[in-house]
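Worksheet for the structure shown next.
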Amino acid sequence: MSPAELSQLLHRHHGDPNRLLQMLREVQAAAGWVSPEVITELAKGLTLPRARVEGVATFYTLLATRPRGEYQVLFADNIIERFHGSVALRERLCAALGVAPGALRPDGRVSVGTTSCIGLSDQPASLLVNGLAIARLTVERVDAIAALIGQRAPLDQWPAELFHVDEPIRRAGLLLGAHLEPGAAVRAALARSSEALLEELKRSKLRGRGGAGFSTHDKWRAARDAPGPTRFVVCNADEGEPGTFKDRTLLRRQLDAVLDGMTVAAHAIGAQRGFIYLRGEYLFIAPAIEAALAARRAAHLLGRDVLGRTGFDFDLELHLGAGAYVCGEESALLESLEGRRGIPRRRPPYPVTHGYLQRPTVVNNVETFASVAHVALAGGARFAELGTERSTGTRVHSVSGDCARPGLYELPMGASVRELLDACGAEAPIQAVQVGGPSRTLLSPRELDRALCFEDLPSAGAFMVFGPQRDLLEVVASFARFFAHESCGFCTPCRVGTTQLQGAVDALVGGRGTRRDVRHALRLCALMRDASHCGLGTTAGRPFMQLYEKFKPTIERSLSSLEFRPTFDLDEALAPARALTGRDDERAHLEDP
Amino acid sequence: MKKLKVATASLAGCFGCHMSLLDIDERLFTLLEKVELDRSPLTDFKQFGPCDLGLVEGGLCNAENVEVLRELRRHCKVLVAVGACAINGGLPAQRNHLDVRECLTSVYGRTVPDDPELPLPLDRVHAINDVVKVDYFLPGCPPSAEALWHFLDDFLNGRTPHLGHGLISYD
Ligand SMILES: Cc1cc2nc3c(=O)[nH]c(=O)nc-3n(C[C@H](O)[C@H](O)[C@H](O)COP(=O)(O)O)c2cc1C
Ligand code: SF4
Ligand code: SF4
């Protein structure tokens, strides 16, 4: 990047350090990587320590601090994608392009790596090329991609069809079935005082859809009552939990409901500004969001005096993440919004009093805001008619895995697991269902009558079905890999624990596991649960613990020995030195006892 | 009371952990009233005999390290990994991001000696509990004389070793 381009970039972002991540994203898009020189210049331009800029640049998976090629391909490495042959497809692409997995081709043209779930497990396998998603990979599609890269075709000249992402809505309800006029819910909200609006919200008993299920009314009221002149509304569209993609669909099919919901929140708590924090992997949705924001400004749904209400000034900005699951955690998200590494803050104080720029801030999930629009329109009581006593409304489930019809299913809260399995065409016998992604619940076939709601199975909406042909140990290994990769490294129990857990599970998968590994893994799981700083670490051991609890023989039959066994092949470890020295004498070998 | 037999070994380490043991100073006399040293860099015996306790400094960098470690494990009831190198590979494991072939050729040039007396290096440096079962881990680089003494004192008196506050420091 030339100095002129850099100074333009700084100018466009008003030299605001809070926008550092956005600037780095633009550098990445323009130059293909963030070079040491750029880091130095940005640090100077923003008067930040260089280490601060470098720290941010190295934190996010989608930012490259080494050249990664003109074409940077990242295969989604979720277990669902693996079961759909993503490993073979990746190898095929690597072979066609003559590039080693994970490496940069010597001519600097292309690299092929992996990344965590990119929110497309309903249409696997999938990948990102220079940040743009391509789904439904087949041998033919992979060959087409190889050919395009081979011809050095610019991305904007690739067939548009390649980038098409489906939205398989199999069952629509209150949210997905709605046809809302942009601004309808804002109008309905403005007809009430903010106090009356909060009362409606209380009546609705709406609980957050991001996972924890906190009362939306309580959160908003706390933010409104917090002292301070400015307030913020943030939409959490980071959707990083493997197997979850319903926010993608809501943003593409019900965007105005979401934006209405955010504007309603601004009215309720007295906020002036808001952000949509969109995960970097959803870059393909960004243009539509920008267009909708522009249209809403033109229609006076955003900006000064929204809908002619004097003094109600509210505007929204789109921020993109850059590949970090932990940034879905609300305080890490706020750090990231402020242009820093996504390291969770110490809580309390909570975002409702000390959020963005330490000001009162409401952070809600995409689906929560979409639900809010309906509460504003039809009233809290109507909303509360749906669902159960303590989980009102509907839930959009992201269904993937071994079933005939993966996709989106909106059901009233409290529907049973069995109902959803029937709806998606999952054939009996089922081996297991993972509800809510790796951080939540692994269900055995004995538990199919459990209810999908906060009282029983809290979830951020993921629903992965595993048929009898699948190796659950491989599933858990994939989850362990995910947590080890996504741990932000801030606290020792999680930083060390997730990596050691991955090692122990990999030993079991590789047929070298012993009882010692199982014991060690269980100890780690408990330690992480009890001693980690944030929800990532406290849940990272769940998959293994639940596998042990519900599918013990799956672990036991993988044990290589009940006693101790070396964790690696000793004789193999001498092979490189043996080859170099040409030795083959007795002392040049080590036996595996 | 019968004296406990204790062996020690230094694998891929720097002898810092052994030095730390000597740093218990006059308590060495107390120690020697209760233990008898078996094979150890401090005795120069060539073979391990049956032992109650084995202390290992250093990780596994080559075939000989593995052989010595296994030999020691076979001979002792309780094995302790002493110091960062034994526990995690420590400083020598810094070579793990390099290819062992490159390490050898950059040291020896094109002809790497094939003398069977020279132990072959492993492709990566490993912690000792990657290869044998370890009963206790005594962290530190090196563990302080105080920590070592505490551990030995507990062990010799039949108490479950417990390193309290101040005896372990992490990075
Ligand atoms: C590691 C981690 C990742 C999270 N990821 C998300 C996410 O991607 N989207 C989301 O809405 N909430 C996520 N959350 C929950 C948020 O911290 C927060 O509770 C939520 O955004 C609040 O919104 P709600 O009340 O509408 O559910 C995550 C939490 C943790 C601990
Ligand atoms: S638990 Fe993990 S993700 Fe959370 S702060 Fe600690 S290291 Fe970071
Ligand atoms: S742990 Fe430290 S003192 Fe002990 S051998 Fe290793 S480097 Fe030396």
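Residue by residue, here is whether (1) in contact with a strand residue (DSSP E or B) (Cβ under 9 Å, 6 or more places away or on another chain); (2) open to solvent by 20 Å² or more (accessible area, probe 1.4 Å); (3) not in a helix (DSSP H, G or I) holds:
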site: A:E290; (1), (2), (3): yes, yes, no
site: A:E317; (1), (2), (3): yes, yes, yes
site: A:P351; (1), (2), (3): yes, no, yes
site: A:L377; (1), (2), (3): no, yes, no
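Of the residues making up the range A:460-477, at least one is assigned to a helix (DSSP H, G or I), modelled with pLDDT of 95 or more and either within 16 Å of ligand 2 (Cβ to nearest atom) or of a type outside the set (A, V, I, L, M, F, W, C) (or both).
The set of residues from the range B:120-141 being farther than 17 Å from B:G54 by Cβ, more than 7 Å from chain A (Cβ to nearest Cβ) and part of a loop (DSSP other than H, G, I, E, B) comprises B:P139, B:G140, B:C141. A single member of A:R470, A:R481, A:R450 is surrounded by fewer than 23 Cβ atoms within 10 Å (Cβ to Cβ), away from every other protein chain (no Cβ under 14 Å) and within 27 Å of A:A332 (Cβ to Cβ), and it is A:R481. Show the residue pairs meeting these rules: Cβ distance below 6 Å; 6+ apart or different chains; first residue within the range B:148-165 and among the aromatic types (F, W, Y); second residue part of a loop (DSSP other than H, G, I, E, B). Listed pairs, sorted by first residue: B:W149/B:I24; B:F151/B:P161; B:F155/B:P161. For beta carbons closer than 6 Å, sequence separation of 6+ or different chains, a first residue in the range A:319-331 that is without any contact (Cβ under 8 Å) to a residue 24 or more places away in the chain and in the same structural domain as A:H13 (by TED's automatic domain parsing) and a second that is part of a loop (DSSP other than H, G, I, E, B) and among the hydroxyl-bearing types (S, T, Y), there are no qualifying pairs. Taking the range A:145-259 as the region of interest, the helices (runs of 4 or more DSSP H) fully inside it that hold 1 or more residues being away from ligand 2 (no atom under 16 Å from the Cβ) and β-branched (V, I, T) are A:184-190, A:216-225, A:246-253. Among the conditions (1) within 19 Å of A:G467 (Cβ to Cβ); (2) without any contact (Cβ under 8 Å) to a residue 12 or more places away in the chain; (3) of a type outside the set (D, E), the only one that A:P406 does not satisfy is (2). Which numbered condition trips up B:K34, out of (1) in contact (Cβ under 8 Å) with a residue 60 or more places away in the chain; (2) open to solvent by less than 20 Å² (accessible area, probe 1.4 Å)? In the conditions (1) in contact (Cβ under 8 Å) with a residue 60 or more places away in the chain; (2) open to solvent by less than 20 Å² (accessible area, probe 1.4 Å), B:K34 misses (2) alone.
Which one is least open to solvent (accessible area, probe 1.4 Å) among residues in the range A:139-150 that are within 25 Å of A:R405 (Cα to Cα) and touching a residue at least 12 places away in the same chain (Cβ under 8 Å)? Among residues in the range A:139-150 that are within 25 Å of A:R405 (Cα to Cα) and touching a residue at least 12 places away in the same chain (Cβ under 8 Å), the one least open to solvent (accessible area, probe 1.4 Å) is A:V142. Just wondering, is there one or more residues in the range A:244-264 that are among the basic types (K, R), out of contact with any Pro (no Cβ under 7 Å at 6 or more places or on another chain) and either assigned by TED's automatic domain parsing to the domain that holds A:L21 or open to solvent by less than 10 Å² (accessible area, probe 1.4 Å) (or both)? Checked against the condition, which is being among the basic types (K, R), out of contact with any Pro (no Cβ under 7 Å at 6 or more places or on another chain) and either assigned by TED's automatic domain parsing to the domain that holds A:L21 or open to solvent by less than 10 Å² (accessible area, probe 1.4 Å) (or both), the range A:244-264 yields at least one hit. Of all the numbered requirements in (1) free of Cβ contacts under 8 Å to residues at least 12 places away in the same chain; (2) within 21 Å of A:V396 (Cβ to Cβ), A:R446 misses one, and that requirement is (2). Entry remark, the range A:123-153: residues being among the charged types (D, E, K, R) and in contact with a Lys or Arg (Cβ under 9 Å, 6 or more places away or on another chain) number 2 in total.
Put simply, of A:G541, A:G489 the only residue that is open to solvent by less than 40 Å² (accessible area, probe 1.4 Å), over 27 Å from B:V100 (Cα atoms) and within 14 Å of chain B (Cβ to nearest Cβ) is A:G489.
Scanning the range A:572-580 turns up no residue that is at the interface with chain B (Cβ under 10 Å from one of its Cβ atoms), more than 14 Å from B:L120 (Cα to Cα) and open to solvent by 40 Å² or more (accessible area, probe 1.4 Å). Could you list, ordered by first residue, the pairs with Cβ atoms under 8 Å in which the first is in the range A:581-593 and within 8 Å of another protein chain (Cβ to nearest Cβ) and the second is open to solvent by less than 60 Å² (accessible area, probe 1.4 Å) and of a type in the set (S, T, N, Q), at least 6 apart or interchain? Final answer for the pair search is A:A588/A:T581. Among residues of the range A:1-15 that are farther than 16 Å from A:G339 by Cα, those with a Cβ under 6 angstrom from a residue that is outside any loop (DSSP other than H, G, I, E, B), sequence gap 6+ or separate chain, pair up as A:M1/A:A31; A:M1/A:V38; A:L6/A:E41.
In the set A:G102, A:G108, only one residue is outside any helix (DSSP H, G or I), surrounded by fewer than 17 Cβ atoms within 10 Å (Cβ to Cβ) and in contact with a Pro (Cβ under 7 Å, 6 or more places away or on another chain); that residue is A:G108.
Conditions first: (1) outside any strand (DSSP E or B); (2) among the aliphatic types (A, V, I, L, M); (3) surrounded by 24 or more Cβ atoms within 10 Å (Cβ to Cβ). A:I276 passes all but one, so which condition is the exception? The failed condition is (1). In the range B:105-117, the qualifying residues are those that are in a loop (DSSP other than H, G, I, E, B) and more than 8 Å from chain A (Cβ to nearest Cβ), and the one that is farthest from A:A579 (Cα to Cα) is B:E117.
Criterion applied to A:R390, A:R347 was being assigned to a loop (DSSP other than H, G, I, E, B) and more than 25 Å from the chain's Cα centre (by Cα), and the one residue passing it is A:R390. Taking the criterion of being without any contact (Cβ under 8 Å) to a residue 60 or more places away in the chain and within 14 Å of another protein chain (Cβ to nearest Cβ), would at least one residue in the range A:551-559 satisfy it? Checked the range A:551-559: no residue is without any contact (Cβ under 8 Å) to a residue 60 or more places away in the chain and within 14 Å of another protein chain (Cβ to nearest Cβ). Could you count how many residues in the range A:160-191 are open to solvent by less than 50 Å² (accessible area, probe 1.4 Å) and among the β-branched types (V, I, T)? Residues that pass the stated criteria total 2.
The values are calculated or read from the model by the stated rules, or taken from the named source; none is laboratory data. As the structure is a computational prediction, the values presented were derived from the model and not from experiment. Here Cβ is always computed from backbone atoms with ideal geometry, including for glycine, and neighbour counts include all displayed protein chains. The protein model used for the area step is the full one, side chains on, heavy atoms only, and it has no ligands, DNA or RNA in it. Shrake-Rupley method; radii C 1.70, N 1.55, O 1.52, S 1.80 Å.
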